[in-house]
Amino acid sequence: MKSALIRKDSLVLRREFLLKALLAAVIALALISVMTGLQRERVFLHERAEAERIDKEVWMGQGERNPHSAAHFSRYAFRPPSPLALLDPGTSDFAGLAIWMEAHYQDPAVFRRAEDGGELSRYVMLSPAFLLLTAAPLLIFLMMHASVAGEREDGTLRQLLAAGVRRGHFFVGKFRAGWDITMLVYTPIFLLMAGCSLAASPAELSADTVFRLLAMYVAYAAYLSISVAVAIGVSALCRTRQAAFLALAGVWAVMTVLVPRFATDVGTTLTPQPDARQTERDLRAAAMVLSRDKERQQQIKDDVLARYGVEDEADLPINYSAYRLQVSEELSIPEFERVYGALEDRYRAQEGVLRWFSVLSPTIATASLSRGMAATDRVHQRAFTVSAELHRRDMIKLLNEDYMHNAGDAGSKYTADEALWARFDDFDHPIPGLVSIGGRYIADAALLLMWLCIAMLAGYGCVRRAVATEAKAA
Amino acid sequence: MKRAILYLESLNFIARGPALIATAIIVVTIGYAGWSGDRWRDAKRSGLESFEAEKLDALAKWRDGLVQIENGTRQAKPRDANPMSISFPAVLPPSSLGDFAIGHADLHPDSAEISPWRNPSSMFGRYQFDNPTTLASSRFDVVVVIILLLPLLMIAVSFDVLAGDRARGALSMVLSFPIRLTSLAWSRLLVRNGLLWVTAVLVMTCLLLLNDAGGDRYARFGLWLGVCLAYGLFWLTVIALCVAYIPTAINTAAALVAVWMVLALALPATVTTISEAAFPTPSRLAYLSEIRRAQTETNRELDRLTAKYLIDHPELTVGNEELPSFYRAAFISNQIARDRTRPILEAYEAARAGRAQTLRWAQYLSPSIIAQRLLNFTADADLDRQHRFQAQARDALEQLSVAVGPAVVSRNRLSAAEFDTLSLFSFQERSLAELAWLAAVPMAFLLLSSALLAVVAHRRLGAIRLHD
């Protein structure tokens, strides 16, 4: 009986003309998003490689120079491209893609691609993830709105009950019919989009990428399953197709469009975005922590003179200016960590509000997981900025030490050449493996799982109630 | 009779749950969006005011120092009152209607430092500290409610204006009274949607008064309301058309939701994606690379470049030789960076112009695009305003460089009189007349297409009456 129910419902769903038309529109949009995304990624990868090449060329070709002057000029760290960015650009366009690793200062990542976006880019952006998060649930709701309400309206639910259909089988039949068709459409579209994303990436396919893809597939499958269960549940709550349709249209608008935007707004209203000018002032103060503290400067000088047993800095075996520069760098580190730590706390507070709103909409948790798996979220951006900062510290230390030990009598007129510049490794930051940062996504995964369980239970509960009501009426 | 039906319909509709829910949703969402927008605008204004005050204070101190040196009341060190230290603030003030729309205003820089130390890349400072996660989701402003939510609510309350009676078999009875089907349908549509729009206009008017920030707020609000109502009218006629052509409520609702999805989401997304792919902006990384190359070149060839500058300005006499060379190195490097990156900035402008041109035509594909653009224009939350600010700030930097360049390279000071000829930055806003001109054709298109749809719907409704 259960398989007969699944077959019958599948057949009915496949016959819907409106559904087929909308499905064709969504597939067309998916193809457009993939094609334009492919072009965009290709251009970006070329530009990034070119910028890296020029940065190295400029660094190596800077000629003879004082190492501290070179530290001021320094190099740029470029964010690594994610092989799955085409699938879900996430927040990558809204985060800086290059960091200047200059002396004295921990710079933020700059050059956000979103600033090059068009007039409507703040309103809506087409990407495979956008289609899966927004259009796919609408299709499911359109497809499933009559699943129970239609049976009630036509009186066929009573006939089914009279034929001895059990409530559990009825729910499973409805769910499986919707789920089978959803997966039948979703799986090839996802594979197509994932294939294009991987093809656009110059990186070799790694186990981590495959694992990420798999996790993303599962997350979206869960999200679509939730949509199927919600559709059945809401349909069961309504007596007519019309009421079910309207209710589901409302659920869709709230779940996918309004709540995510509203949550973001509440998050940034409760914890406002940082004042950029104040943050810049704080960073400047952090960079000048030693130069503004005359007492400490004197103490450092006294210490180093005592350590080397001399009375005048001219008698030191090292260049004192370079030594002080390095001490200044080291004293600034905790200050920078404090400023960026406060920013991180602020971001987390904002994202915490988003997570609370996940209780109202599974779209938020799914979007967060999707971005994370695509390595285009803030967690990966943070890993990049931390890695660039560590590289900056090493680089500046090496330059200061060269100045400190080799300046000799030349003092501030000392210059180094290409031999020193060549000693620096290029910045290399591989995307962190999911194993190392997977813990950050447990909360979102748990929320999605909770949504799935509740949607299934609620769906079943609603169907049970509808069946009971019909049985009583009969 | 028509008046009686209208009265009855109003009572009947208002008493129903969905109407109250829809009205409550409008009050809450527009009210929240306006409150949140006001907080955002106040925070932005306060940050900009303190930035401007800080910079102007420093500038006044710098001038005092210069005057003291000129008067001989202060012993001048080489670095004192150096023209390189002149720094004017440039700010993009929030619009008088900025609480209604945030648009692009949270993504782009709103302040700059006009100083010879800066180049077109560095003059906007470090401003990219916002959380990318929240930035990517965009804000929930009044525009979102008008463009996305209101049409959905209109559909929800109107899709069954005829089909409901038809399904209950009551339509023939209603039409046995001396009233035509067209009058009945239009009356119901006007009552149901009128309630929503009256509520929306009232809430927006409250926001207008409560969040008053002066300026041309009321005039802008007039235009804002005009756009909102034209957009609402378009959706009303779309609903009328579907109601007229589709007999069952479920199919009407499905068709309307599909139209909403296409017009409000799919078309804007597709148009954006295609226009960005057709007119790609030059790489920001290429821009960065050119600036880096300019800096290296200056470092290597400072003497040659200084000599060249002095040859180009034979009237200059070299001043204080004790002044460190990095002052003029930084200045010349910034000049070279500006010249080098000019073609890139021009390419940016060309790409933006191409996109804008595409959108000017493509907007006619979807009323949501028209309304979204016009509302952002009206509230000064559009992308063009951000770019105009950046361009004006770059021009101001160039003017300052021309004014102080000779003094910097020749290691001299400006005189206080010369300094006083320099003008502070003031952002040139688009005038209301320009705004009205920009809005005229798209608004006319919205109204004309609404009229056309209304005529078609009306005729079809008339035809239904004949066959009912």
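What is the Cα radius of gyration of chain A over 2.2 N^0.38 Å, N being its residue count?
1.29
A full extension of the chain between B:L432 and B:R79 corresponds to an added length of 122.4 nm, given 0.36 nm per residue minus the alpha carbon distance.
For a protection proxy built on the mean count of beta-carbon atoms within 10 angstrom, sort A:267-280, B:30-43 highest first, please.
B:30-43, A:267-280
With a 10 Å cut-off around each Cβ of A:144-151, the average count of Cβ atoms from other chains is 1. Debye-formula intensities of chain B, expressed as log10 I(q)/I(0) at q = 0.06, 0.08, 0.11, 0.13 Å⁻¹, are -0.40, -0.62, -0.94, -1.18 (one equal scatterer per alpha-carbon, no solvent). Per residue, the convex hull spanned by the Cα atoms of segment A:232-320 amounts to 196 cubic angstrom.
Net charge of the neighbourhood of A:E313, taken over other residues with C-beta under 11 Å away and scored Lys/Arg +1, Asp/Glu -1, is -2.
Could you give the size of the charge dipole of the protein assembly as shown about its Cα centre, using +1 on the Cβ of each K and R and -1 on the Cβ of each D and E, expressed in debye and rounded to the nearest 20? Before the final figure, lay out the partial values.
Details: 98 positive and 96 negative charges, 1111 e Å.
With Lys and Arg at +1 and Asp and Glu at -1, about 5340 debye.
Structural descriptor for segment B:74-158: relative contact order 30 percent, calculated from alpha carbon pairs under 8 angstrom and at least 6 residues apart. Over chain A, Cα pairs under 8 Å with separation of 6+ residues give a relative contact order of 28 percent. By the count of neighbouring beta-carbon atoms within 10 Å, fewest first, B:R3, B:R79 end up ordered B:R3, B:R79. Dividing the helix sum by the residues of chain A, where each DSSP H run of 4 or more adds -39500 (n - 2.57), gives a mean residue ellipticity at 222 nm of -23000 deg cm²/dmol. Within straight cross-link reach of B:K55, meaning Cα distance under 18 Å, which aspartates and glutamates are found once same-chain residues fewer than 8 apart are removed? Qualifying aspartates and glutamates at Cα under 18 Å: A:D275, A:E280, A:D282, B:D64, B:D80, B:D110, B:E113, B:D420.
If you build the convex hull over the alpha carbons only and average its shadow over all orientations, what do you get for the protein assembly as shown? Give it in nm² to one decimal. Walk me through the numbers on the way to the answer.
Values: hull surface 174.0 nm².
Here the figure is 43.5 nm², rounded to one decimal.
A viscosity of 1.567 mPa s and a temperature of 4 °C, combined with the Kirkwood radius over Cα pairs in Stokes-Einstein, give a translational diffusion coefficient for segment A:272-391 of 72 µm²/s. Translational diffusion of segment B:183-278 was estimated from the Stokes-Einstein equation, with Rh taken as the Kirkwood radius over Cα pairs; at 20 °C and 1.002 mPa s the coefficient is 134 µm²/s.
Normalising by residue count, segment A:166-281 has a Cα convex hull of 193 Å³ per residue. Per-residue packing, averaged as other Cβ atoms within 10 Å, sorts the ranges A:319-327, A:191-199 into the order A:319-327, A:191-199, beginning with the highest.
The mean number of partner chain beta-carbon atoms within 10 angstrom of a residue's beta-carbon across peptide A:312-319 is 0. Here the contact order of chain B, divided by its residue count and restricted to Cα pairs under 8 Å and six or more residues apart, works out to 28 percent. When A:V379, A:V463 are sorted by how many other C-beta atoms sit within 10 angstrom of their C-beta, beginning with the fewest, the order is A:V379, A:V463.
Peptide A:102-114 shows a mean partner chain C-beta count of 3 within 10 Å per residue C-beta.
Think of it as helices only: each DSSP H run of n ≥ 4 in chain B is worth -39500 (n - 2.57), and spread over all residues that comes to -23500 deg cm²/dmol at 222 nm. Note on B:Q68/A:L270: beta-carbon distance plugged into 1/(1 + (r/R0)^6) with R0 of 56 Å gives a FRET efficiency of 0.70. Pairs over the 26 Å Cα-Cα cut-off, from the set A:K294/B:K77; A:K20/A:K472; A:K301/B:K61: A:K20/A:K472; A:K301/B:K61. Taking a straight line from the alpha carbon of B:K308, these aspartates and glutamates sit under 16 Å away, with near neighbours fewer than eight places off in the same chain left out: B:E297, B:D339.
What the Kirkwood sum gives for segment A:39-147 is a hydrodynamic radius of 17.1 Å, with every pair of different alpha carbons counted.
Read-outs: derived from the displayed coordinates by stated rules, not from any lab. Predicted model only: the values in this text are computed from it and were never measured. FYI the Cβ positions are ideal-geometry reconstructions off the backbone, even for glycines, and counts take in every protein chain you see.
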